[in-house]
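The values are calculated or read from the model by the stated rules, or taken from the named source; none is laboratory data. Nothing here was measured: the structure is a model prediction, and the numbers come from that model. Cβ: placed from backbone, ideal geometry, glycine included. Neighbour counts: every protein chain shown. Heavy atoms of the whole protein, side chains included, go into the accessibility calculation; ligands, DNA and RNA do not. Shrake-Rupley method; radii C 1.70, N 1.55, O 1.52, S 1.80 Å.
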Amino acid sequence: MEQLTFFSYPSCTSCRKTKKWLKANHVSFDERHLFRETPTEAELKRILELTTEGLDEVSATRSEAYKSLHVNIDEMMLSDVIQLLTNEPKLLRRPILIDGKKLVIGHNEDALRNLVSQRLGLKMSM
C-alpha cells in the first residue's frame, strides 16, 4: 500500500479541516506544501488519471491565477496542461490527497472516510 500524500497549503481552510480530520482519525500521511513541493509531472498525470471529471475536478477555476489565464486549458494538449500545472500550482484545487489508487480533491469527509476505509480494509464509523 502506497503512502497517502497530502498536498496542502497552510492558509487554506479546506486543507486545515482535512488535516484535522486525518489526525483525529489517526491516518498517517506525507504532507507536502503544494507551492513549495509541487506535484511532479508523473504525479500530476496520475492525479488526472484518477479523476472522474478530468481537469474540471482539479482546476481552481475560481482562483485569480485561473481567471488571469489567457488560454483555454480544455483546448490544450495534455503535456502542455501538465507543464502549466507544474509551473502554476495555484491553478490546482486544494487539498489533494492521493495514495496511488484513490484520489480526494477538496475537503470531503465522505470521500475521506471511503479512502481511509479502503486503505484499512474496514468500515469507519460515521
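Looking at the stretch 10-33, which of its residues are more than 24 Å from Q118 (Cβ to Cβ) and either assigned to a loop (DSSP other than H, G, I, E, B) or acidic (D, E) (or both)? Passing the criteria: P10, S11, C12. The lone criterion from (1) open to solvent by 30 Å² or more (accessible area, probe 1.4 Å); (2) at pLDDT below 95; (3) not charged (D, E, K, R) left unmet by S14 is number (2). Scanning the stretch 34-43 for residues that are of a type in the set (D, E) and either touching a strand residue (DSSP E or B) at 6+ places or on another chain (Cβ under 7 Å) or part of a loop (DSSP other than H, G, I, E, B) (or both) returns a single hit, E37. Counting only helices (runs of 4 or more DSSP H) that sit wholly inside the stretch 44-122, those with at least 1 residues that are over 23 Å from T13 (Cα atoms) and open to solvent by less than 40 Å² (accessible area, probe 1.4 Å) are 78-87, 109-120.
Flag set for F29, criterion: touching a residue at least 60 places away in the same chain (Cβ under 8 Å), open to solvent by less than 60 Å² (accessible area, probe 1.4 Å) and either in contact with a Cys (Cβ under 6 Å, 6 or more places away or on another chain) or of a type in the set (F, W, Y) (or both). If the condition is being at pLDDT below 85 and among the acidic types (D, E), then the stretch 57-74 contributes E64, D74. For the stretch 100-123, indicate whether the set of residues that are touching a Ser or Thr at 6+ places or on another chain (Cβ under 6 Å) and either of a type in the set (V, I, T) or touching a residue at least 12 places away in the same chain (Cβ under 8 Å) (or both) is non-empty. Checking the stretch 100-123: at least one residue is touching a Ser or Thr at 6+ places or on another chain (Cβ under 6 Å) and either of a type in the set (V, I, T) or touching a residue at least 12 places away in the same chain (Cβ under 8 Å) (or both).
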